[in-house]
1. Could you tell me whether Asn15 is touching a strand residue (DSSP E or B) at 6+ places or on another chain (Cβ under 8 Å) and surrounded by fewer than 16 Cβ atoms within 10 Å (Cβ to Cβ)?
2. Any residue that is in a helix (DSSP H, G or I), free of Cβ contacts under 8 Å to residues at least 12 places away in the same chain and out of contact with any helix residue (DSSP H, G or I) (no Cβ under 9 Å at 6 or more places or on another chain) - is there at least one of those in segment 79-86?
3. So which residues in segment 72-82 are closer than 18 Å to Gly121 by Cα and exposed (fewer than 14 other Cβ atoms within 10 Å of the Cβ), if there are any at all?
4. Can you find a residue in segment 101-120 that is more than 20 Å from Cys36 (Cβ to Cβ) and aromatic (Phe, Trp, Tyr)?
5. Which residue pairs have Cβ atoms under 8 Å apart, sit 6 or more places apart or on different chains, and have a first residue in segment 7-32 that is without any contact (Cβ under 8 Å) to a residue 40 or more places away in the chain and under 17 Å from Val114 (Cβ atoms) and a second that is of a type in the set (Lys, Arg) and not in a helix (DSSP H, G or I)?
6. Would you check if there is a residue in segment 92-99 being under 17 Å from Tyr120 (Cα atoms) and surrounded by fewer than 16 Cβ atoms within 10 Å (Cβ to Cβ)?
Amino acid sequence: MDDLYREIIIEHYKNPGFRGELNPNDYSFEDENPVCGDHIRVDLRVNSDGQIVDARFSGEGCAISQASADLLIESVIGKNIEEVKSLSKQDVLDLLGIDLGVVRLKCALLPLKVLKAGVYGMGKEIEELDLE
């Protein structure tokens, strides 16, 4: 089963369906993991009901961070902002489908951190945001 998920990760890394930037956007945030150098930006377009109608990510990094970003962005289109605020670390791990060590876990969770920072309108205080 891990092999299937590894293939999915490689596919999303090599051929991301949601890479790009939205201009104009309603929410945008970017951040990086200083330990490994991964960098992610997330842009969201939201309708008057608070539903995400389009989303994109950009940045550079390892296969895990980039695949996690693509899978996460795909999963939030159609959700409302309140649903996005309730996303957890486990939601991202479920999307990836493989066990990760501590170092790779930070890579996988960077897109969630950036997404939540954007919808909460936060700056660097995102370090304190609970991703559990």
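1. Numbers: touching a strand residue (DSSP E or B) at 6+ places or on another chain (Cβ under 8 Å): no; surrounded by fewer than 16 Cβ atoms within 10 Å (Cβ to Cβ): yes.
Taking the combined requirement at face value, the residue does not satisfy it.
2. Kept after step one, since they are in a helix (DSSP H, G or I), are these residues of segment 79-86: 81-85.
Restricting the remaining residues to those that are free of Cβ contacts under 8 Å to residues at least 12 places away in the same chain gives 83.
If we keep only those that are out of contact with any helix residue (DSSP H, G or I) (no Cβ under 9 Å at 6 or more places or on another chain) too, we end up with none.
Looking through segment 79-86, none of the residues is in a helix (DSSP H, G or I), free of Cβ contacts under 8 Å to residues at least 12 places away in the same chain and out of contact with any helix residue (DSSP H, G or I) (no Cβ under 9 Å at 6 or more places or on another chain).
3. The first filter runs over segment 72-82 and keeps only residues closer than 18 Å to Gly121 by Cα, leaving 73, 76, 79-82.
The answer is Glu82, and nothing else.
4. Yes, because at least one residue in segment 101-120 is more than 20 Å from Cys36 (Cβ to Cβ) and aromatic (Phe, Trp, Tyr).
5. Close Cβ pairs (under 8 Å, with a partner that is of a type in the set (Lys, Arg) and not in a helix (DSSP H, G or I)) amount to Gly20/Arg56; Glu21/Arg41; Glu21/Arg56; Leu22/Arg45; Leu22/Arg56; Asn25/Arg45; Asp26/Arg45.
6. Pass one, segment 92-99, residues under 17 Å from Tyr120 (Cα atoms): none.
Taking every residue of segment 92-99 in turn, none turns out to be under 17 Å from Tyr120 (Cα atoms) and surrounded by fewer than 16 Cβ atoms within 10 Å (Cβ to Cβ).
Quick grid of which residues meet (1) within 15 Å of the chain's Cα centre (by Cα); (2) at positive phi:
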site	(1), (2)
Gly20	yes, yes
Asp54	yes, no
Lys79	yes, no
Lys85	yes, no
Ser88	yes, no
Leu96	yes, no
Val103	no, no
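Read the figures in this text as sums done on the coordinates, not as results from a lab. Note that the structure is predicted; figures quoted are calculated from it, not measured. So basically every Cβ, Gly included, is an ideal-geometry build from the backbone, and we count neighbours across all protein chains shown.
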